[in-house]
Amino acid sequence: MTELKTFLVTFIIVYIIYFIVILVRSKGMEKLKESSEAKFLKNRFQLNLDTIKPNVLGYIIAFANSLILALTLTFISLFDNYLFKMIIGFIILIILQLIIYTIIGKYLKQKERGKKDV
């Protein structure tokens, strides 16, 4: 039960901080399409980021990053050894980023194709 609490608290805190720093500030929204996440989606899936509303992209990236960090923190909190936590945390972080951003890229690509078909 404590793992679920850890996950929820971490997710909410990271999402709120990301929301305030990136989505509320206008400078953050301008830099959003230049972020590493947006570049990965654009290059890997040949997405046209101009067709995606910046707010929608911001919410998706904020949700994904919060989920990735919360899952990683929750999983590494199960271990005691700090070196092991760092190694496992790094591996889990990379794997989750690849999986979640691949899912997001495929979803956005389908939406992009759907708009062209209509």
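All of the numbers you see were taken from the coordinates with simple rules; none came from a lab. Computed from a prediction, not measured in an experiment: that's the story for all the values here. Heads up, the Cβs are rebuilt from the backbone with ideal geometry, glycines too, and the neighbour counts pull from every protein chain shown.
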task: Distance between Cα centroids, region 20-74 to region 81-109: provide it in whole Å.
output: 15 Å
- prompt: Rg and Dmax of region 1-70, using alpha carbons, in Å: what are they?
  reply: 13.4, 43
- request: Can you spot the lysines whose alpha carbon is less than 24 Å from residue 42's alpha carbon? Ignore those fewer than 8 places along the same chain.
  value: 27, 31, 33, 53, 106, 109, 111, 115, 116
message: Binning at 10 angstrom from zero up to the longest distance, how are the C-alpha pair distances of region 34-77 distributed in percent?
response: 25, 46, 22, 7
field: Enclosed volume per residue, in Å³, of the convex hull spanned by Cα atoms of region 45-113
entry: 77 Å³
Area projected by the alpha carbon convex hull of the chain, averaged over all directions, nm²: 8.3 nm²
task: Compute the distance in nm between two label points, each set 7 Å from the Cα along the Cα-to-Cβ direction, one at residue 90 and one at residue 102.
output: 2.2 nm
